Every structure is written in structure tokens, then in C-alpha cells.
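J.: Okay, here's the structure, questions in a sec.
The values are calculated or read from the model by the stated rules, or taken from the named source; none is laboratory data. This is a predicted model, so every value here is computed, not measured. Every residue, glycine as well, gets a Cβ built from its backbone with ideal geometry; the counts of neighbours run over all protein chains shown.
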């Protein structure tokens, strides 16, 4: 009983971390159809922002929840202005350019901070469930995933910016004829996507080893989640992150972490074969 | 052009004469030409944190020899290529060092995969090769000298110490490539030798970052001891997640890889205190040779994260080659090999290091330490540990033409 509770917590934790990691990518990919191969490096920048500011004496919560998203959001805006805005509608070119960007960011961070492992200690402690232990931070990550989901849903559903953004996402040409400037919306969207990704990096910083190349571990998993989820941001990402997180963590528990990954990728292939439009393309048509 | 018989004879005679005369000219010109020392180490990519201190050690050694007047009256010069944590680069640069640069010796290779990629190249082009990294053992090759520790020198000491008298149930976690796989086998063997039981062995690809399910699984198995051969930045997350789940202090951890880069200084004391490790060297060793070496290396490159066995063994591997050249009075590959095979030794920062003729490995001190306040505290010293695992399968005295990596059956 205690054990199954702990395992359930692992599964939920896996899904929540995957959701947090993918949300920014889903915003950028879902709205702008830009394949951002530098996504993992945005996570890495968020983690570095947290570690550097926390080690400089800043409160860890402020470092995670404020510094990381603000910093990466700003970086995202600069990158959008200097690079991405020339690539709208050019799928392959955007892949190449963002791949180059990812190498560039890795090189830059390596040059500045060196290639050793950095980190901050995990805040909060552990708690006991019968004979087993788990950490409060797991619960915190879960709560953050829920908060982020509510926030993105709220912005897209109830604000004017959300309405305009959804309009641009559906049909940029039509939105432009109605007096919206799609370029501005794209810029803001990219910045917000980057900020959300930076936040994920900040939140994962205390539970991972931080190196300039850490982003590469996330990119593939995030892409299959976003593609598996389909074009809609919330329902797609949530359902795919839930499914893949569940499959991966349970697989890892009952077999080995190696097979956990294999099972994850196999189920992704199967899913995309059966539902080429992603989960949301079939089941949640017309939702967010 | 018509050539008379006399002319032809004269030219024919002149050619060997002039070639005979040439070495004298060359020799005088060569007195100043440097001896080239090749280096293949990763300075970028995931393994760079291990590679950088190794290159710095090699530079330090070369500077010291040059300051003392060089070798055989000639200065030494480093030819270094950054292999970028990329096996393809290893093969390419190995060829370049052997064919184009014509170096006298190569020090390099960090992972076992990179070593196996370049070893055949140096055999083919007859370039002496030194591999200065702790590894899983079993390389048997007359052209190669392995100066790092093997499991018989470290894991064999670590497992019994960590198990003590009462810890019989052991759980093993390891990185999923040949180092982790083979080291996990050694761990199982030593656990069995101590009368213990291995309850589970889990392998992790290098990009696994989430250890939640594993931590639950370990708790369910209730082991007395956790043995870890996890590698790299992503795997460092394990120690963090382990502590945040409150498992630190519940089950002790002993590792064959922890602290090879700078783990003790990145994790905080609560996360790393008490972790046991065994290597051929710790920066914290207080012998005069060690403190002098650390001071010199930190002066040369102040940003060096941690000086582990990798750097120290590279320094000693280089000096063993220097001793070999001095003894052979030549940089010729076979002459140096034979000189080294006489059982040359060098007193380095780790203590006395002696070449073992039969295996081309070294007999060296092993140290067992525990992390305390983000530093290693050496608890035990095992003088003159022998590479017995490799000695069981490799005998280059009997079979000098042997050339393979044995998988030691355990």
C-alpha cells in the first residue's frame, strides 16, 4: 500500500516534470510552427540563472521562480528579434538555425562557466509514507505544474492577448487583415514560451546536475511529447505528458531505466502512427 | 638524354654516397628539433571536465622537463588535439598524430570507447601509446601502457570496507556503457567474495535525469549498502534526489566514480557527507610530492576544478615515458618499450608507480576516502596494489604479440 502510493507519486512527478519541460515548447511550436531545437538550452539557461543567483546569495525561491523565467524570457526576446523572425514559415530553415543556436549557447555557457557540474541543494525535506520516503519537492513540482497549467489556460482563454494570440495561431493572414500585427504577437509568444521554459529549468535545477550540455537530455523527449500531444497547448501537452510520464516511470520501476526509455519511445511511435495529428487532434478538437 | 655507361655508374655510386653522408647533416640539424609528444584529450563536450586537467598535467610535465634541459638534449613539444568528446575525432586525430606529426609517444583517450578506437591506429603505425585512466581492466597490448587503476586495485578494497561486518545486502547502480557494465560485474564478484548478496543491478543511460522510480525501488529492496558507478552531470542528480527524499543516512553509498570531476564541491555537505570512494589518487593527499604537484598545477591553471586520479596518472604516465627514454637513450619505440619493461618506476604525486612487464599496467598505491565537508578524507592506504585482474589473463612476457582487451570472466 505504502509502496504503491510512493510509486503513484513517482508517476505523477514524472508527468508533472515532463509537462513543465514541454509547456514552453508547446507554446512556441503550437502557435508559431517554429521547431525550436534550442529548447533544451533554454532549460539549461534557466537552470544556470537559478544556480548562479542562488549561489550568489539570492533566496532560492526567488532565483527559481523569478530570475530564471525573467532572464530566459529576455534572452528569448533578443533571439526572436535577431534570428527567429526571419524564419517564420520556413520549417527546415528554422530547425537548422535553432540547432546552430543550441550549439552556440552551449559553447557560450561553457566558455563563461566552464564544463564542470554545478548545482544548488534541493530545498524542502523529505516525508515518510509508512516505511518509505519521498521528498516534498516532488509535491511542489506537481503544484507548480498545476499552477502553470491554470495560468496559461487563463491567459489564453480569458484575456484579450489570449484571444488575439489564438486568432493569429489559427490564421495569421486573417488576423492581420483585422488589424492585428502578427509579428508583434509572435515576438511576445516566443518570449513567453522562452520564459516558461526558463522557469522549468529553474524548477529542475535543484534536482539535477547542471552542465552546459544538460539540455540535450530533454529535447527529444519534449518533442515527442509535443508532437504526440498535437497542436493544442494545454490539453495536448497535458494528455501526452501524462501518458508518456506514466509509461516511462512505471516502465522504469518494473523493468530498468533503460527499458523505461525504450518503452516511452516505442509508445510514442505507436501513438503517432495511430494518431498522426496527436492526441488533441483527435479527441480535443477546437479546445486550447 | 643519352647516358653513357660511365655516367650511369658515376651517378649510381653517387646516390648511396650522398645518402650515407646525409644522416650526419641531419643529426646536427636535429639537435635543436623538439621531440613531439602527442595528446588526445577531450576539452569540449560532456567529457571535457575530465580531459582538461589531464592536458594541463601533461603541459606541466613537459614544462618541467624542458626547464631541466630537455630530453636527450632536445626540447619537448606538445602536439595536442581536442577530441571534443567525439569518437570519430579520436580516430581522425590519432592518424594525424601518427602519420603527419610523427610524434614519439601519445598520451590520451579517456573513455574505454575512445581508447579502443585509437589503440589499433597506434599499433599499425608503431607509435607508443599511454592510456592514463582508471578503467575496467583487461587491455593486453605490448604497444600500450595503462597507468590508471583497475578494479583489482580499487573496487576490491572499496567493497569489503564499505560492507564491513554487517552489511550483507547490496544494491548496485551503474552507468549503462562498458565501464559501468564491467565494473558492476566486479562489484558483484567482490560482494560475493565477502559473503554478501547483490539484490539488484540497475543500469542507467547517461541521459537519465529522473531517479524517482529507482529510489522507490531501492527502498523496496531494503539493501544495507548502495554501490554506485554512475557517471556524469545527469547522474549527479541521483545524489541530490536521494538526499531530498530523506534517504541520506538511511543507506550508505560507496562509489567507484563519485568525485572524479568535482562532485564533492558541487553537492552540499548534507548530500555528499559519508560517501566512500577508492582511487589511485586524491587531491587531498598530504605527501610532499602530492602537495607540490597540486600547487604547481593550480598555479599553472587556477580554474582547474579538481585534480583526480586522471590528472595525476597522466602526469606519472608522462614521467614514466621520460624515464624510459632516458634509460634507452633513444626515442625509438622498441627501445623505450624494452627500457620500460625492465620495471621502471617513478615517484609521483600518488606515491611510487612501477611498470609491470607482464601486463604493461602499473603497480601503484590505492587510497580509500570518505567525503566530509565537501572534501575527501583519506581513511586507508593500500601500498603497491597490483593489477591482479589483468594479470590473470594477460602475460606479455609469454605472448608479446598479444593484442586485445580481455573480458575477464567473473
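J.: For residue A:236, which of the numbered conditions (1) crowded, with 23+ Cβ neighbours inside 10 Å; (2) at positive phi fails to hold?
T.: Checking residue A:236 against (1) crowded, with 23+ Cβ neighbours inside 10 Å; (2) at positive phi, the one that fails is (2).
J.: How many residues are in a helix (DSSP H, G or I) and either modelled with pLDDT under 75 or over 16 Å from residue A:26 (Cα atoms) (or both) when one looks only at segment A:279-288?
T.: The total comes to 4.
J.: Kindly evaluate residue A:223 against the criterion of being at pLDDT 80 or above, under 27 Å from residue A:153 (Cβ atoms) and crowded, with 24+ Cβ neighbours inside 10 Å.
T.: No, not satisfied.
J.: Another question, if that's okay. Residues of segment B:162-175 being in contact with a helix residue (DSSP H, G or I) (Cβ under 6 Å, 6 or more places away or on another chain) and within 14 Å of another protein chain (Cβ to nearest Cβ), which ones? Write out each step before concluding.
T.: Narrowing segment B:162-175 to residues in contact with a helix residue (DSSP H, G or I) (Cβ under 6 Å, 6 or more places away or on another chain): B:170-172, B:174.
Residues satisfying the conditions are B:171, B:172, B:174.
J.: Somewhere in segment A:115-133, is a residue exposed (fewer than 13 other Cβ atoms within 10 Å of the Cβ) and farther than 30 Å from residue B:248 by Cα?
T.: Initial filter on segment A:115-133 (exposed (fewer than 13 other Cβ atoms within 10 Å of the Cβ)): A:128, A:130-131.
From the residues that got through so far, the ones that are farther than 30 Å from residue B:248 by Cα too are none.
No, because not a single residue in segment A:115-133 is exposed (fewer than 13 other Cβ atoms within 10 Å of the Cβ) and farther than 30 Å from residue B:248 by Cα.
J.: Counting only residues that are more than 7 Å from chain B (Cβ to nearest Cβ) and in contact (Cβ under 8 Å) with a residue 60 or more places away in the chain, which one in segment A:109-137 is nearest to residue A:56 (Cα to Cα)?
T.: A:120
J.: Additional query: Only one residue in B:123, B:143 is in contact with a helix residue (DSSP H, G or I) (Cβ under 7 Å, 6 or more places away or on another chain) and surrounded by fewer than 21 Cβ atoms within 10 Å (Cβ to Cβ), so which one is that?
T.: Only one candidate qualifies: B:143.
J.: Going by the conditions given, is residue B:200 over 21 Å from residue A:18 (Cα atoms) and more than 10 Å from chain A (Cβ to nearest Cβ)?
T.: no
J.: Go over the candidates A:3, A:25, A:9, A:21 one by one and state the one that is away from chain B (no Cβ under 14 Å) and assigned to a helix (DSSP H, G or I).
T.: Step by step, each of A:3, A:25, A:9, A:21 is checked, and only A:25 is away from chain B (no Cβ under 14 Å) and assigned to a helix (DSSP H, G or I).
J.: Of the numbered conditions (1) away from every other protein chain (no Cβ under 14 Å); (2) over 15 Å from residue B:369 (Cα atoms); (3) crowded, with 20+ Cβ neighbours inside 10 Å, residue B:294 satisfies every one except a single condition; which is it?
T.: Residue B:294 satisfies all of (1) away from every other protein chain (no Cβ under 14 Å); (2) over 15 Å from residue B:369 (Cα atoms); (3) crowded, with 20+ Cβ neighbours inside 10 Å except (3).
J.: Sticking with this one: Which condition number in (1) surrounded by fewer than 19 Cβ atoms within 10 Å (Cβ to Cβ); (2) touching a helix residue (DSSP H, G or I) at 6+ places or on another chain (Cβ under 8 Å) is the one that residue B:276 fails?
T.: So the condition that residue B:276 fails would be (1).
J.: Might you let me know whether segment A:42-57 holds any residue that is under 27 Å from residue A:189 (Cβ atoms), away from chain B (no Cβ under 14 Å), over 21 Å from the mean Cα position of the chain (by Cα) and not in a loop (DSSP other than H, G, I, E, B)?
T.: yes
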